Amino acid sequence: MNKPVVLVVEDDKSVRKLMSATLQAHDYRFIEAASGQEALLNATSHHPDIAMLDLGLPDMDGVEVIRAIRSWSNMPIVVISARSEDTDKIGALDAGADDYLVKPFSVDELLARLRAIQRRLVMLKSGAASSPVFVNGGLRVDYTARRAYIQEREIHLTPIEYKLLCLLCQNAGKVLTYPYLTEKIWGASWRHEVANLRVFMATLRRKLESEPGSPQYIQTHIGVGYRMITQGT
Ligand code: CA
């Protein structure tokens, strides 16, 4: 598989150069942009496979860039932010970003995010997201029969646990926020009922994970949400 083209959007020149040098050293192709307008121009003219986007840009808020890209493209977007506040990450994820990196980040973290995004791309391109059966490592969900299996053994889920599992599977590799999940499960009036979500997620994980201490399927993003980990093949 060809290494994907990564659009690097960052106004801080030293960070941008470091990212580009890292990408180049690992055989990724890349396009640089130093502003929101330049990012949108490059995104429409070069059709990159992945965007890595700084949230604090000189001309536009990064969230606006995400919304603009999402109006015509579902390319994976990894948000890069110096802001450590969870609300910024949640805002960016709810606007359509897939994942986030918090500055300062290591080269290893950057590469790990890209590998995870590539697994998500493979999954999206294979049509797995719209298939009637979802398979991820030892997990299999049969949407038609409404049944889930771990290593071919059926796991018995409550309706809410099953709904949560489906949301995670249908968005495998993407971080889903607390507001997104609570709204999908209970509707808009439940947007802030994170405690309930945690309870159902805990029971789902007990049924799914053989070692809850080192989860294989559902990753927790403290203060932000949850993600279905895409298994390497
Ligand atoms: Ca910046």
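For the range 1-14, does any single residue satisfy the condition of being in contact (Cβ under 8 Å) with a residue 40 or more places away in the chain, in a strand (DSSP E or B) and surrounded by fewer than 19 Cβ atoms within 10 Å (Cβ to Cβ)? Can you show your working first?
Here is the first cut: in the range 1-14, the residues in contact (Cβ under 8 Å) with a residue 40 or more places away in the chain are 1, 4-12.
Within this subset, residues satisfying the condition of being in a strand (DSSP E or B) are 5-9.
Restricting the remaining residues to those that are surrounded by fewer than 19 Cβ atoms within 10 Å (Cβ to Cβ) gives 5.
Yes - at least one qualifying residue is present in the range 1-14.
Here are some residues: Ile69, Ile31, Ile80. Which one is assigned to a strand (DSSP E or B) and modelled with pLDDT of 95 or more?
Answer to the selection: Ile31.
Kindly indicate which of Asp108, Asp59, Asp99 is farther than 22 Å from Lys125 by Cβ, acidic (Asp, Glu) and more than 16 Å from the ligand (Cβ to nearest atom).
Asp108
Looking only at the range 62-77, count every residue that is farther than 18 Å from Lys13 by Cα and within 16 Å of the ligand (Cβ to nearest atom) and tell me the total.
Going through the range 62-77 one residue at a time, the tally reaches 5.
Please specify each residue of the range 1-45 satisfying the condition of being within 16 Å of the ligand (Cβ to nearest atom) and farther than 18 Å from Gly56 by Cβ.
Ser20
Out of the residues in the range 219-233 meeting the condition of being touching a helix residue (DSSP H, G or I) at 6+ places or on another chain (Cβ under 6 Å) and surrounded by fewer than 20 Cβ atoms within 10 Å (Cβ to Cβ), tell me which one is farthest from Leu101 (Cα to Cα).
Only one residue fits best here, namely Gly223.
Look at the range 85-96 and say how many of its residues are away from the ligand (no atom under 14 Å from the Cβ) and either surrounded by fewer than 20 Cβ atoms within 10 Å (Cβ to Cβ) or free of Cβ contacts under 8 Å to residues at least 60 places away in the same chain (or both).
Selection size over the range 85-96: 7.
Inside the range 89-130, can you point out the residues that are among the polar types (S, T, N, Q) and part of a helix (DSSP H, G or I)? Before the answer, list the steps.
In the first step, residues of the range 89-130 are kept if they are among the polar types (S, T, N, Q); the result is 106, 118, 126, 130.
Passing the criteria: Gln118, Ser130.
Pairs please, first residue from the range 59-81 and under 16 Å from Tyr100 (Cβ atoms) and in contact (Cβ under 8 Å) with a residue 40 or more places away in the chain, second anywhere and of a type in the set (Phe, Trp, Tyr) and assigned to a loop (DSSP other than H, G, I, E, B), Cβ atoms under 8 Å, 6+ apart in sequence or on different chains.
Listed pairs, sorted by first residue: Ile80/Phe105.
The values are calculated or read from the model by the stated rules, or taken from the named source; none is laboratory data. The model shown is predicted, which means the values in this text are computed figures rather than measured ones. Neighbour counts run over all protein chains shown; Cβ positions are idealised from the backbone, glycine included.
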